[in-house]
Amino acid sequence: MVTPPPASLRNVPYFNYPAAFSRDEAAYVEIFREIMARGAFIQQRELEEFEAALKQYLGVHTVFGVGNATDGLIMCWKAAGLKLGDEVLFPSHTMVASPASVAHSNGTPVPVDMGEDGLIDPDAVEAAITPRTVAILPVHLNGRTCQMDRLQAIADRHGLFIVEDAAQALGSKYKGKMAGTFGVGSSISFYPAKILGCMGDGGAVATNSPEIAERFHLLRDHGRGSDGEVHAWGLNSRLDNLQAAILMHQFRHYGDIVSRRRSIARHYHGRLSDLEELRLPPPPDADQDHFDVFQNYELQADRRDELREHLKLNGVGTLIQWGGKAVHQWADLGLRGELPRTERFFSRCLMLPMNMMIDDDDVDYVCDQVRSFYRG
């Protein structure tokens, strides 16, 4: 039974987009004014500074800012030489953009099941390999990195390559190595609700391969090389200079941002971990292999839909990601197969507010409402 709302309640939206601007409005207005006054719109020094800072942070050979993370993945496949009919194994627990990048690059996306950690299951990957399989697309979700040592061992054993969808994982680590630095290339998202978010669409690609880096250079700017000559059929996918300046402003404090999100996750875990109706994500520092940055706080809940309605009535915003369906469940895409762990997950998953606009009192209020639903 859903508990009726009190006469006076707190409002905790899932993500407060206006507040993402207003909490640092003066700085953003000054950035806008300075960029506009110079007419510095496309591939100017702010973009170069941000790319250099991100490159140093990740410890990779090259980073390029691009229009969005989906474009970034397409660029990865094209740069890696994906051909018509090549199969790429991906977790169906992801946004449709991940496999769409394969389809737009003439490849064939093949969904596999998730593991108990919510990420791509290495055993399912190995079982799905066929003579047409050429690559693996691990998706690092909610700020947690996949088991990349196992995936790399599978790739090496079968002669496959890896492209990483690191859209939700900037700063996440597995066994001390950053997400987005394992494969031949990776893509990162700066969508407004991401940990590092711009005021519109934006993304980046990263690689440790000089050859892939040169292909990225051509692909993002109409096939033009550093000599100004057109050497290939390219795309038009460049991170706007204004967005780069906004991102650089936030990136200067990225360590503090990640620390705060980990603190919120720790708070949630402390308040909710005794509820047997919930399955929570691992708390920060739960194991030595993972450093999670908590892009999202996604749990699994008994009576999920009733809980969500209860939270809505009491002013708490939640999200069931990607329309509540795994990619293979979108019938019109023509993907076949049953993925039981993924399907069960999507019947129970729910995201609680996790962002820099909420304070500890907000977290306590959310937890109070969750507890009141299950304990009355």
Requested in this report: Consider Arg150 carefully, then state whether it is buried (at least 19 other Cβ atoms within 10 Å of the Cβ) and not in a loop (DSSP other than H, G, I, E, B).
Outcome: no
Query raised in the report: If a residue has to be crowded, with 19+ Cβ neighbours inside 10 Å and either more than 23 Å from Phe216 (Cβ to Cβ) or of a type in the set (Val, Ile, Thr) (or both) to count, how many in the range 155-180 make the cut?
Result: 3
Report task. Determine the pairs where a residue that is outside any loop (DSSP other than H, G, I, E, B), located within the range 126-143, has a partner that is open to solvent by less than 40 Å² (accessible area, probe 1.4 Å) and among the small types (Gly, Ala, Ser) with Cβ atoms under 6 Å apart, the partner being 6 or more residues away or on another chain. Result -> Ile136/Ala155; Val139/Ser98
Query raised in the report: Residues of the range 286-305 being open to solvent by 30 Å² or more (accessible area, probe 1.4 Å), over 20 Å from the mean Cα position of the chain (by Cα) and either touching a residue at least 12 places away in the same chain (Cβ under 8 Å) or closer than 26 Å to Met148 by Cβ (or both), which ones?
Result: Ala286, Asp287, Gln288, Asp302, Arg303
Report summary line: Cβ pairs under 8 Å, 6+ apart or interchain, first in the range 94-107 and farther than 25 Å from Asn296 by Cβ, second modelled with pLDDT under 95 and open to solvent by 10 Å² or more (accessible area, probe 1.4 Å), ordered by first then second residue, are Asn106/Gly85; Gly107/Gly85
**Report entry** the range 186-205 residues that are open to solvent by 10 Å² or more (accessible area, probe 1.4 Å), paired with ones that are among the basic types (Lys, Arg) and part of a loop (DSSP other than H, G, I, E, B) (beta carbon under 6 Å, 6 or more apart)
**Finding:** none
Query raised in the report: helices (runs of 4 or more DSSP H) wholly in the range 23-98 with at least 3 residues that are closer than 19 Å to Ser237 by Cα - which ones?
Result: 45-58, 69-80
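The values are calculated or read from the model by the stated rules, or taken from the named source; none is laboratory data. Bear in mind the structure is a predicted one, so any value in this text is a computation, not a measurement. Counting neighbours? That spans all protein chains shown, and the Cβs are built from the backbone with ideal geometry, glycine included. Keep in mind that these areas ignore ligands, DNA and RNA; they rest on the heavy atoms of the full protein, side chains included. Shrake-Rupley method; radii C 1.70, N 1.55, O 1.52, S 1.80 Å.
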